[in-house]
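Read the structure below first, then the notes.
The values are calculated or read from the model by the stated rules, or taken from the named source; none is laboratory data. What you see is a predicted model, and the numbers here were worked out from it, not measured in a lab. Methodologically, a virtual Cβ is constructed for each residue, glycine included, from the backbone with ideal geometry; neighbour enumeration extends over all protein chains shown.
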Amino acid sequence: MSTNSIYESDQKEYNPFEHRIIAKPNSDIRSLANLVKASLGSGLLAVPLAFSNSGWGIGIIGTAIIALICTHCAHIFVEVSQECCRIEKTPLLGYADTCRAAFLAGPKASRRYARFSGIFAECSIFCTYIGVACIFTVLIADSIKQLFDTYYPVFIVSIEYYCLILLIPLCLLVQIRHLKFLAPISFIANVLLVATFAICLYYIFKDGLTFSDRKFVGEASRFPAFLSTIIFAMEGIGVVMPVANAMKNPQRFLGCPGVLSIAMLLVALLYGTLGLFGYFKYGDVLRGSITLNLPMDDWPAICAKCFIALSIFFTYPLHFFCVIDVITRHTESHIKENYRSTAQVFIRIAIVLFCGGIGVALPMLEQIINLVGSLFYSILGVIIPGIIETILRWDNLGKYNWILWKNILIVLFGFCCMISGCAVTIIDIISIVNRKTE
């Protein structure tokens with residue numbers, strides 16, 4: 001008898017939505033805002049650079065296709081999670097638990113890998129947000145350095161020193177242990193990001209755009225860098241499950257129109273707009289964040305550079321929670337209760353120092369973004385959803401096994417993005433290092 005038929009009666013009887021007890025559930029509008037907010041981070045400002053790598057025509061088409069793939073992958077992951085909740089008779093499951101449950105509910109041969117799949121998913125989440133913390137460190141340092149080099153030229157030092165200086169306030173900021181205490185600064189961060197976006201658009205359209213020498217199709221060798229940046233910018237898989245699980249009406253998260261589809265449509269439109277017109281404005285001189293291309297002698301541009309530095313600084317502890325949550329769950333039981341609070345302080349400091357150390361060793365914003373996008377987000381947002389849906393639905397893959405073939409294409413796409421993106425990024429890093437040593 002198939003796995004699906006074994007659990008068929010149980011799935012009909014158990015509705016996880018009816019058993020969820022959420023202290024303060026989110027409305028559809030608030031869930032939509034949270035999902036859009038999670039996807040619109042520092043990656044938004046890197047999208048024009050992605051269009052510079054691909055050309056504006058391929059950039060528009062590629063952004064639309066990647067948005068569809070990312071949305072579909074998030075959709076099937078949430079569907080799998082909800083089905084696993086019915087099978088295990090539990091109200092909700094997180095990312096790693098969904099992977100474990102899908103392997104347990106799949107064919108007999110897959111069950112031995114259930115524990116490994118959960119561990120692998122958790123490690124992927126951990127590495128992803130470690131990478132994001134490194135990107136944030138370099139981005140803040142880069143913005144501050146540009147301001148100091150212009151307005152306080154007697155104090156010109158390399159970006160590595162700014163990364164080191166930043167470690168002190170970051171170590172203090174991450175000591176905030178409860179999300180509710182971060183709500184005010186999270187709100188400020190969102191306001192600053194919106195203001196930065198508006199200022200960027202102001203400068204893009206201020207003196208007209210250049211179309212004549214802008215490429216419709218970029219160099220083929222740079223296309224993997226485009227894929228990596230767009231996937232990094234577009235993917236919000238790490239927060240999809242928390243948002244879906246915290247909804248007052250979780251059945252409205254999926255579907256068309258659902259919270260997920262509307263959020264991803266808005267995100268794709270914003271990315272496409274800034275990417276296209278940002279490339280038309282600045283062309284091939286774009287840097288890892290478009291704010292670094294803004295003029296240094298105009299007060300709105302100066303505000304934008306300050307705003308993005310502060311916005312990313314205030315956003316840092318939110319992403320840090322994903323990292324510390326993984327570590328706490330695996331270490332807390334091994335630490336005596338009297339020492340847990342002190343251990344938390346030192347663990348948080350150690351993580352910040354580790355991320356800062358990577359930033360000092362490789363202060364290359366564009367390359368770190370591409371590496372995190374191609375390696376970690378390809379795994380989390382594309383490869384894993386395709387695999388677990390196939391595993392869970394192994395006994396019922398649809399007519400002509402279309403689910404299997406569809407997911408094979410998705411997983412192959414993820415691996416192509418991962419391998420090609422990593423290869424191009426590593427070549428870029430080696431080239432930059434060699435130029436510095438010559």
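Note on segment 302-326: residues that are in contact with a helix residue (DSSP H, G or I) (Cβ under 7 Å, 6 or more places away or on another chain) and either surrounded by fewer than 16 Cβ atoms within 10 Å (Cβ to Cβ) or free of Cβ contacts under 8 Å to residues at least 12 places away in the same chain (or both) total 1.
Restricting segment 193-227 to residues that are part of a helix (DSSP H, G or I) and not hydrophobic (A, V, I, L, M, F, W, C), the residue that is nearest to the chain's Cα centre (by Cα) is P224.
For segment 124-173, filtered to residues that are more than 19 Å from the chain's Cα centre (by Cα) and β-branched (V, I, T), the residue that is farthest from F314 (Cα to Cα) is V154.
Flag: I230 does not match the condition of being of a type in the set (V, I, T), surrounded by fewer than 17 Cβ atoms within 10 Å (Cβ to Cβ) and part of a helix (DSSP H, G or I). Taken over segment 245-260, residues that are among the aliphatic types (A, V, I, L, M) and without any contact (Cβ under 8 Å) to a residue 24 or more places away in the chain amount to 0. Take the conditions (1) surrounded by fewer than 16 Cβ atoms within 10 Å (Cβ to Cβ); (2) in a helix (DSSP H, G or I); T90 misses just one of them, which is (2). All of A114, A189 fail the test of being of a type in the set (A, V, I, L, M, F, W, C), part of a helix (DSSP H, G or I), crowded, with 17+ Cβ neighbours inside 10 Å and in contact with a Gly (Cβ under 9 Å, 6 or more places away or on another chain), apart from A114. There is at least one residue in segment 368-384 that is among the polar types (S, T, N, Q), under 15 Å from the mean Cα position of the chain (by Cα) and at pLDDT 85 or above.
Right, D142: under 27 Å from C303 (Cα atoms), in a helix (DSSP H, G or I) and among the charged types (D, E, K, R) or not? Answer is yes for this residue.
Here's the yes/no breakdown for (1) of a type in the set (D, E); (2) over 28 Å from R393 (Cα atoms); (3) assigned to a helix (DSSP H, G or I); (4) out of contact with any helix residue (DSSP H, G or I) (no Cβ under 7 Å at 6 or more places or on another chain):
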residue	(1), (2), (3), (4)
G118	no, no, yes, no
A121	no, no, yes, no
Y129	no, yes, yes, no
V132	no, yes, yes, no
V154	no, yes, no, yes
L166	no, yes, yes, no
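Restricted to segment 237-347, the set of helices (runs of 4 or more DSSP H) holding at least 3 residues that are over 26 Å from I368 (Cα atoms), under 21 Å from the mean Cα position of the chain (by Cα) and not aliphatic (A, V, I, L, M) is empty. Can you find a residue that is acidic (D, E) and without any contact (Cβ under 8 Å) to a residue 60 or more places away in the chain anywhere in segment 136-154? Yes, the conditions are met somewhere in segment 136-154. Only a single criterion out of (1) in contact with a Leu (Cβ under 7 Å, 6 or more places away or on another chain); (2) closer than 18 Å to I237 by Cα is not satisfied by C99, namely (1). Looking at A101, is it surrounded by 14 or more Cβ atoms within 10 Å (Cβ to Cβ) and either aliphatic (A, V, I, L, M) or outside any helix (DSSP H, G or I) (or both)? Yes; evaluated as a whole, the condition is true for this residue. A count restricted to segment 392-418 and to residues that are buried (at least 20 other Cβ atoms within 10 Å of the Cβ) and closer than 22 Å to F126 by Cβ stands at 3. Within segment 361-383, residues that are more than 18 Å from I140 (Cα to Cα) and buried (at least 24 other Cβ atoms within 10 Å of the Cβ) reach partners that are aromatic (F, W, Y) and modelled with pLDDT under 85 with beta carbons closer than 6 Å, at six or more positions or on different chains, in the pairs G373/F232; Y377/F232.
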